[in-house]
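Below you'll find the structure, written out as structure tokens, and then a few comments.
Coordinate-derived values only; no laboratory data. Everything numeric here is computed off the predicted structure, so don't read it as measured data. No Cβ is skipped: glycine too gets one built from the backbone with ideal geometry, and neighbour counts run over all protein chains shown.
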Amino acid sequence: MEKVLFIIFAVLAVGGALNILLQRNPLYSALSLIGTLASLSALYVMLRAQFIAAIQIVVYAGAIMVLFVFVIMLLNVPKEQPVIDKQKWLRYLAVPFASVILAEAFYVLRLIPSVTPPRVEGDQAVGTTWSIGTGLFTDYLLPFEVTSVLILMAVVGAMVLARREGD
Amino acid sequence: MVPLSWYLGLSALIFTIGAVGVFVKRNVITIFLCIELMLNAVNLTLVSLSSFFGDAGGQLFVFIVMTVAAAEAAVGLAIIISIFRNRESLNVDEVDQLKL
């Protein structure tokens, strides 16, 4: 049963990812990425990482992707412009590069042993909000605080970059 | 029970699709979406390893990766808006100078 669910969500995730590449309109690519993110969130639930699954929906699909869709609609770029053959030889270079990456991925896949380490059950569950929160405010307090500084920098940087000249 | 290698294989596949997208697409927004896809593939690896080995550290990493992704999206989209305002194009082949 779990394997069937995994296959369903894996196919949805990979299909959404491929659809990003196949669409010419970036808006459809963004919507397709939202589908992939939702499927990954379902996989996180199957891995018993409930908190990460909720954050994936709320922050990624909810906030980041809304930002993307907003910018795509703001810029109002209808479609990918027709291909300009400025550097034609790059196209022939792309195929070997892509096949090398694919071959590398499959090579690594074959090396992974199919053993499954025993799962920890009950009180030692790692995916709960309690365990994430405890870790975040004890062992990982410094990264947490640095993250807040990073977000402040991102807010200021985005305001400066997106401002019109002369404002 | 789904074996660990399935999750890692799915993650590798999604990462490869994202990497291929960065190579073949020309629209800067689509390239940005493919970068997000690669970040999510790595997140899947971290969550599955964390869950299988019973260590919450991996999921805390994912939390921080998501925060960095949010910051990156904000700054990156601001740069894209700025580029579009000056060049009227989102084709990466036409944006070949560091100045906006």
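Summarise the partner chain shielding of A:40-50 as one whole number: the mean count of Cβ atoms from other chains within 10 Å of each residue's Cβ.
Working: counts 9, 1, 0, 8, 7, 0, 4, 11, 2, 10, 0.
Mean partner-chain Cβ count within 10 Å for A:40-50: 5.
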Note the angle between two axes, namely the Cα long axis of helix B:28-53 and the longest principal axis of the Cα atoms of chain B, as a number of degrees from 0 to 90, rounded to the nearest 10.
10 degrees
Can you give the average number of partner chain beta-carbon atoms within 10 Å of each beta-carbon in peptide A:88-97, as a whole number?
1
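Can you work out D for the stretch B:1-51 in µm² s⁻¹ from Stokes-Einstein, where Rh is the Kirkwood radius over C-alpha pairs, the temperature is 20 °C and the viscosity is 1.002 mPa s?
Numbers: Rh = 11.3 Å.
My calculation gives 190 µm²/s for D.
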Working from Cα positions, state the angle (0 to 90°, nearest 10) between the long axis of helix B:4-24 and the longest principal axis of chain B.
10 degrees
Estimated translational D of the protein assembly as shown in µm²/s (Stokes, Kirkwood radius over Cα pairs; 4 °C; 1.567 mPa s):
66 µm²/s
Residue-wise HN-Hα coupling along the stretch B:79-95, computed from phi with Karplus coefficients 6.51, -1.76, 1.60 (Hz; x: Gly, Pro):
5, 4, 4, 5, 4, 5, 5, 8, 10, 6, 7, 10, 6, 5, 5, 8, 9
Per residue, how big is the convex hull around the C-alpha atoms of chain B? Give it to me in cubic angstrom, could you?
91 Å³
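Only Cα pairs under 8 Å and at least 6 apart count here; give the relative contact order of chain B as a rounded whole percent. Mind dumping the intermediate values first?
Values: 74 pairs, mean separation 27.4, N = 100.
Over chain B, the number comes to 27 percent.
For A:Val4 and A:Val95, compute 0.36 nm times the residue count separating them, minus their Cα-Cα distance, and round to one decimal in nm. All intermediate terms of the calculation are to be shown ahead of the outcome.
Values: separation 91, 0.36 × 91 = 32.76 nm, distance 3.33 nm.
Length difference between fully extended and current span is 29.4 nm.
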Return the average number of partner chain Cβ atoms within 10 angstrom of each residue Cβ along peptide A:23-31.
4
Name the residue, out of B:Glu88, B:Glu36, B:Glu72, whose mean-square fluctuation peaks in a Gaussian network model built on chain B with Cα pairs under 10 Å.
B:Glu88
What nm value, rounded to one decimal, do you get for the distance between A:Val108 and A:Arg163 when each label is placed 7 Å out toward the C-beta?
4.2 nm
